[in-house]
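This report concerns only the one structure given below.
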Amino acid sequence: MDEFELLRYVTVGQYIPTGSLIHRLDPRFKLAAFAVLVGAVTFTGSYLGNAVLLVLIVGLVFLSRVPLRYVLSGLRPALPVLLLLAALQILLYTPDFTRGTNCTTLFQFWIIHSTTCGVKLAIVSAARFVELLMLTSLLTLTTTTTELTHGIERLFAPLQQRFNFPAHELALIVTITLRFVPTFAEELERIVKAQVSRGADLGQRGRLRFIQQTRALLPMLVPLFLGALRRAEELILAMEARCYMGGKGRTRLIELHSTRQDVVALFVAVLAAATVLLVPWPW
Amino acid sequence: MASPAEPIVRLEGVRHVYGPHGGKGVEALRGVSLAFYAGEHVAIIGPNGSGKSTLAKHLNALLLPTEGDVWVKGWNTRDPRHWRDVRSTVGMVFQNPDAQLVATVVEEDVAFGPENLGVPRDELRARVDWALDVVDMQAYRFRPPHLLSGGQKQRVAIAGVIAMRPQVLVLDEATAMLDPLGRRDVLRTVEHLNREAGMTIVAITHFMEEAALADRVVVMHAGQVVLDGPPREVFRQRERLQAWGLDVPHVTELAARLHALDPAFPPDVLSIEELVETACQVWAGQEKAL
Ligand SMILES: Nc1ncnc2c1ncn2[C@@H]1O[C@H](COP(=O)(O)OP(=O)(O)OP(=O)(O)O)[C@@H](O)[C@H]1O
Ligand SMILES: [Mg+2]
């Protein structure tokens with residue numbers, strides 16, 4: 001049963017306060033720089049470009065003074081999928097990945113066709129995955145959830161005015177989600193305990209136990225969903241009672257300050273992305 | 001705006017039917033006329049399903065009457081243009097502490113109401129500080145709400161409402177899900193708001209001891225107001241209350257039983273202190289009375 005006790009301590013985005021430069025960045029600029037770097041990672045297909053990005057990201061991690069193992073903690077659960085993916089990429093030739101480059105066949109047998117391009121693809125996509133993981137971890141480890149939601153809201157505020165993009169609503173949804181995840185975890189814990197005390201079995205062994213476990217979870221999910229709907233209705237009433245009538249005319253308690261540092265940080269991110277994307281790396 | 005004799009909130013012949021209008025729905029309020037005055041502390045009691053929550057939601061335009069009118073400081077709650085004024089005048093705290101906090105940090109939750117009202121940032125700060133002070137939760141301002149106890153969450157909810165500076169605070173069974181300590185803290189806060197800030201309190205409750213502390217008790221039964229008066233007068237009607245499935249405070253029950261044994265003992269005692277005092281007076285020198 002211990003596994004259910006743990007649910008209560010679920011946190012989304014485990015903030016680690018070290019007070020570093022990265023922590024102190026204005027969330028708007030931090031989010032923008034993050035988006036730029038994610039773009040760079042997504043569109044870089046060369047070894048050297050990825051190496052540059054990796055070095056840059058590790059540098060950022062050191063700057064943030066967050067231990068590297070926290071930043072990489074999401075890697076282990078993803079490892080099996082990552083290895084499977086790499087194996088498939090190496091064994092099955094994909095001609096459209098590196099257009100124009102010459103691929104030498106390493107060996108060929110039945111549908112298996114292994115080329116140097118496949119190997120490159122495997123390495124580059126693994127590197128990209130690690131880079132993206134580190135970037136997102138770094139963002140959530142150095143930014144509180146409130147900073148994140150305020151950042152999203154203000155960043156998209158101009159779009160709201162111009163194109164009616166629901167920036168405020170988006171931020172509110174994120175806030176409420178973050179607010180209620182622990183509450184639902186608690187509720188699920190209670191439901192699971194009630195079911196187990198009435199004889200529901202969750203601890204099956206055997207190779208196919210995940211099927212049984214999933215089936216056993218169903219009767220717990222139904223009350224959880226009903227509870228969530230009821231709570232949502234109560235929440236709407238409570239928000240209306242507190243004069244919530246949409247984002248128009250609202251003021252904000254939290255003020256975001258941007259300094260020269262923030263501009264510099266964003267500039268560095270853009271510069272790095274441009275370097276990685278525009279330089280014709282030899283390999 | 002309103003002269004002293006004018007009620008802050010006035011209900012006139014309010015009927016409310018849930019469900020299909022015209023067709024047969026649940027008639028939760030059957031002609032309720034009531035007035036609440038500035039500075040009053042009113043308790044509303046009544047059995048389950050008697051329409052207390054429905055009544056409460058009419059006080060700040062969360063529900064609109066099917067028939068009849070509700071006036072808040074002269075604004076008819078039917079007029080959507082005044083909903084903001086109505087809701088910032090009549091604040092509401094609900095039963096479930098987990099379903100009314102919206103933000104991930106206490107101080108931001110307290111700021112939610114005034115933010116919606118468009119209060120400028122400097123004043124916003126001041127209001128949040130003041131509200132957290134009143135409910136004695138300053139030390140928790142940066143905590144996430146899910147790490148607070150039920151009583152603390154409910155006090156944060158109260159802070160979030162009073163930060164809008166309402167004149168009336170409606171509490172719909174706000175202490176029902178709390179342990180005795182949490183309930184005591186919340187009640188203390190509410191008393192303080194009534195005494196010190198002159199806030200009008202309308203508290204729906206199932207705890208008769210709580211109702212006995214009010215200036216006035218309104219009893220609801222089957223969608224109607226059946227009794228309305230000072231707690232002493234209301235709780236004197238023990239038989240009627242019991243017929244509606246309601247109790248009287250334990251002390252009053254005890255006093256009533258003593259009254260049955262000794263007619264000299266008054267039946268309408270409301271607190272333990274009063275019981276002790278009365279006993280001393282009535283039975284002075286009669287060591288063997290019981
Ligand atoms: N949303 C709704 N839709 C339909 N009927 C409702 C709704 N809410 C309440 N009712 C019905 O209206 C009647 C009065 O309900 P209300 O919640 O006002 O009672 P209450 O006095 O607050 O009860 P409790 O002490 O249980 O909180 C009940 O018969 C209830 O079933
Ligand atoms: Mg109710």
task: Please state which of the following conditions B:R78 fails to meet, knowing it meets all the rest: (1) part of a helix (DSSP H, G or I); (2) free of Cβ contacts under 8 Å to residues at least 24 places away in the same chain.
output: (1)
Count - residues of region B:116-139 that are at the interface with another protein chain (Cβ under 9 Å from one of its Cβ atoms), open to solvent by less than 10 Å² (accessible area, probe 1.4 Å) and under 25 Å from the mean Cα position of the chain (by Cα): 2
- prompt: If we scan region B:148-160, do we find a residue that is among the aliphatic types (A, V, I, L, M) and either touching a residue at least 60 places away in the same chain (Cβ under 8 Å) or away from chain A (no Cβ under 14 Å) (or both)?
  reply: yes
- prompt: All but one of (1) within 16 Å of ligand 1 (Cβ to nearest atom); (2) buried (at least 24 other Cβ atoms within 10 Å of the Cβ) hold for B:Q224; which doesn't?
  reply: (2)
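Please specify each residue of region A:202-225 satisfying the condition of being open to solvent by 70 Å² or more (accessible area, probe 1.4 Å) and either among the polar types (S, T, N, Q) or at pLDDT 90 or above (or both).
A:Q212, A:T214
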query: Looking only at region A:229-267, which residues are closer than 30 Å to A:N50 by Cβ, β-branched (V, I, T) and either touching a His at 6+ places or on another chain (Cβ under 7 Å) or free of Cβ contacts under 8 Å to residues at least 60 places away in the same chain (or both)?
result: A:V264
Evaluation of B:F142 against (1) surrounded by fewer than 18 Cβ atoms within 10 Å (Cβ to Cβ); (2) touching a residue at least 12 places away in the same chain (Cβ under 8 Å); (3) more than 10 Å from chain A (Cβ to nearest Cβ) (one fails), failing number: (3)
Residues of region A:135-182 satisfying the condition of being farther than 30 Å from A:P67 by Cβ, in contact (Cβ under 8 Å) with a residue 24 or more places away in the chain and of a type in the set (V, I, T): A:I176
statement: Residues of region A:32-63 being small (G, A, S) and not in a helix (DSSP H, G or I), in sequence order, are A:G45, A:S46
task: Examine region B:87-98 for a residue that is touching a residue at least 24 places away in the same chain (Cβ under 8 Å), outside any helix (DSSP H, G or I), touching a helix residue (DSSP H, G or I) at 6+ places or on another chain (Cβ under 6 Å) and more than 21 Å from B:I204 (Cα to Cα), and state whether such a residue exists.
output: no
query: If you take the residues in region B:195-206 that are farther than 23 Å from B:N96 by Cβ and open to solvent by 10 Å² or more (accessible area, probe 1.4 Å), which one is farthest from ligand 1 (Cβ to nearest atom)?
result: B:E196
field: Selection count where residues are farther than 19 Å from B:K52 by Cβ and either touching a strand residue (DSSP E or B) at 6+ places or on another chain (Cβ under 6 Å) or within 16 Å of ligand 1 (Cβ to nearest atom) (or both), scope region B:168-194
entry: 1
task: Kindly check whether there is at least one residue in region B:209-217 that is open to solvent by less than 80 Å² (accessible area, probe 1.4 Å) and farther than 23 Å from B:R188 by Cα.
output: no
- prompt: Restricted to region B:19-41, and to residues that are in contact with a strand residue (DSSP E or B) (Cβ under 7 Å, 6 or more places away or on another chain) and without any contact (Cβ under 8 Å) to a residue 24 or more places away in the chain, which residue is surrounded by the fewest Cβ atoms within 10 Å (Cβ to Cβ)?
  reply: B:G19
- request: Mind telling me which of the residues B:N96, B:N48 ends up being under 19 Å from the mean Cα position of the chain (by Cα), within 12 Å of ligand 1 (Cβ to nearest atom), open to solvent by 20 Å² or more (accessible area, probe 1.4 Å) and more than 14 Å from chain A (Cβ to nearest Cβ)?
  value: B:N48
query: Name the pairs: first residue in region B:172-195 and modelled with pLDDT of 90 or more, second residue aromatic (F, W, Y), Cβ to Cβ under 6 Å, at least 6 apart or on different chains?
result: B:D172/B:F94
task: Evaluate region B:52-72: report whether one residue or more is on the phi > 0 side of the Ramachandran plot and surrounded by fewer than 16 Cβ atoms within 10 Å (Cβ to Cβ).
output: no
statement: The correct count of residues that are open to solvent by 50 Å² or more (accessible area, probe 1.4 Å), of a type in the set (V, I, T) and more than 9 Å from A:V276 (Cα to Cα) in region A:22-54 is 1
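Every residue, every condition in (1) out of contact with any Pro (no Cβ under 8 Å at 6 or more places or on another chain); (2) within 13 Å of ligand 1 (Cβ to nearest atom), yes or no:
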| site | (1), (2) |
| --- | --- |
| B:L29 | no, yes |
| B:L34 | yes, no |
| B:E40 | yes, no |
| B:A43 | no, no |
| B:S53 | yes, yes |
| B:H58 | no, yes |
| B:L64 | yes, no |
| B:V72 | yes, no |
- request: Would you tally the residues in region A:64-78 being part of a helix (DSSP H, G or I) and within 16 Å of the chain's Cα centre (by Cα)?
  value: 6
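The values are calculated or read from the model by the stated rules, or taken from the named source; none is laboratory data. Note that the coordinates shown come from a computational prediction; the quantities given were computed from them, not determined experimentally. FYI the Cβ positions are ideal-geometry reconstructions off the backbone, even for glycines, and counts take in every protein chain you see. These area figures cover heavy atoms from the full protein model, side chains too; ligands, DNA and RNA do not enter into them. Shrake-Rupley method; radii C 1.70, N 1.55, O 1.52, S 1.80 Å.
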